[in-house]
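Coordinate-derived values only; no laboratory data. Only a predicted model underlies this, so the values are computations on that prediction, with no experimental measurement involved. Here the Cβ is made from the backbone with ideal geometry for all residues, glycine too, and neighbour counts use every protein chain on show.
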Amino acid sequence: MSRPEDTLQADVHYNDTEARKYTTSSRIQTIQAAMTHRALELLDLQSPSFILDIGCGSGLSGEILSDIPESEGGPHVWVGMDISPSMLDVALQRDVEGDLFLADMGQGVPFRAGTFDAAISISAIQWLCNAESSETSPAGRLARFFNGLYASLKRGGRAVCQFYPKNDVQKQMITSAAVKAGFGAGLLEDDPETKNAKTYLVLTVGSAGTKGDITGVVEGMDGVDVVDSRRKGKTGKGEIKKGSKAWILKKKDQMEKKGKVVKATSKYTGRKRRIQF
Amino acid sequence: MKVLTLNFLSCAVKTCKSSSDSFPLHPKEAELAKDDVEINPQLLVNVLPRIDWAALRTTSTELGFPTLPDQPPTAEELEADEKMLQELHTLLMEMQIVEGKLVCGHCGHEYAIREGIANFLLPSHLV
Ligand SMILES: C[S@@+](CC[C@H](N)C(=O)[O-])C[C@H]1O[C@@H](n2cnc3c(N)ncnc32)[C@H](O)[C@@H]1O
Ligand SMILES: [Zn+2]
């Protein structure tokens, strides 16, 4: 599959022609709808919510949020951000209900702290790994995005970002940027190892109890790779006491060797938390 | 852009992050329109505690709407008062800024709104 992300900037790739082609393709409509429903399932919203749609494009993902019936906890109200004027123009023509912003997620999220109940992003955040200008780096843009997203969500809020990683390096880059911003993070893969593989980054804000924690969200789901370092590990052999700082550091080391993302070690590492996971 | 959204929007310029003057943004030369939106009481009750009421009063005055009461209603008051629900719904969900600008009270940056879409792209030296 060709990856426009590797060669073009998003607002250049999604010009008027491409934006129209993208939005009217019934194949794309079906796939985007399925992924949006999957993301909603992971968000598990119980009542009408205020949601941010990052890289909302022409509104294929957002309009599903507006259409969730009352019996299923909707309808939701959403705000969309996108960098492509052509995609937003198509969204306008389609008369979507969300408020639209021409904005670059790599510049941050311009909402005050605790604004949104939840956020979704469908097929967009892989763009942050590429197409940097001379003044910015992917790492800097990822950091600004995830820091801004973290702040804009209410405590106990969640975000689900489906994205198309080019390879494991990108998966790791994105996940570690999210963890660094403070999120509890898990990667969920549907149909892994197939050409239909779909990757979802599931993010939680705050951890006041198991319910808000990522391990609770994705536990038991197939193909889930919890990369949050709070995950319980098997007791290590030898005299290192489970839960001690030394044990955690060893665990982190093992996880890092396996290519997983772990939280940066800090002076809080290994301290007792009020709530154990 | 809905008045609801404006109540959560703050200036994106780096040096404004820590300033209290960068919120709320001030509408300038705003052209308004009213959309018909189906009322969603649960949504209103959900967002009510997150609304910055003082900022909403400022915005309401700046857009030429009647002055809002000093204090926001409680969730119970809102749920029990059909008229208040409807008024808040109209203000937050139906009133739209379709053309104009939003101005930051701290740095003076002007965000243009065209056809309801606000342009928040910043030149890189302001990020
Ligand atoms: C494949 S489309 C998905 C659109 C919509 N979420 C959907 O499901 O149909 C990817 C979108 O991400 C947007 N995008 C890419 N980079 C972006 C950035 N830095 N900031 C905001 N949006 C971006 C593109 O303009 C494009 O509209
Ligand atoms: Zn400002």
Cβ-Cβ cut-off under 14 Å around B:Glu99, Lys and Arg +1, Asp and Glu -1: the net charge is -1
Take every Cα pair under 8 Å in region B:3-126 that's 6+ residues apart, average their separations, divide by the length, and report that relative contact order as a whole percent. 38
Here, B:Glu77 and A:Ile28, labelled 7 Å along Cα→Cβ, have an inter-label distance in nm of 4.9
By the scheme Lys and Arg +1, Asp and Glu -1, what is the net charge of all other residues having a beta-carbon under 14 Å from that of B:Ser10? +2
With x for Gly and Pro, the residue-by-residue ³J(HN,Hα) of region B:22-31, computed from phi through the Karplus equation 6.51 cos²θ - 1.76 cosθ + 1.60 at θ = phi - 60° and given in whole Hz, is 8, 9, x, 6, 9, x, 9, 6, 7, 9
In whole angstrom, the spacing between the Cα centers of region A:40-57 and region A:118-171 equals 16
Work through the residues other than B:Leu32 whose Cβ is under 12 Å from its Cβ and net out their charges, Lys, Arg +1 and Asp, Glu -1. -4
Specify, per residue and in Å³, the volume enclosed by the convex hull of the alpha carbon atoms belonging to region B:3-126. 109
Most mobile of B:Ala30, B:Ala75, B:Ala55 per a Gaussian network model of chain B (Cα springs, under 10 Å)? B:Ala75
Let me have the relative contact order for region A:98-197, percent, based on Cα pairs under 8 Å that are six or more residues apart. 33
Provide A:Phe111, A:Phe146, A:Phe101 in ascending order of the number of other Cβ atoms located within 10 Å of each residue's Cβ, fewest first. A:Phe111, A:Phe101, A:Phe146
Give me the percent relative contact order of region A:69-130, please, defined on Cα pairs under 8 angstrom at least 6 residues apart. 31
Where the centre of each part is set by its Cα atoms, how far does region A:91-117 sit from region B:1-40, in angstrom? 12
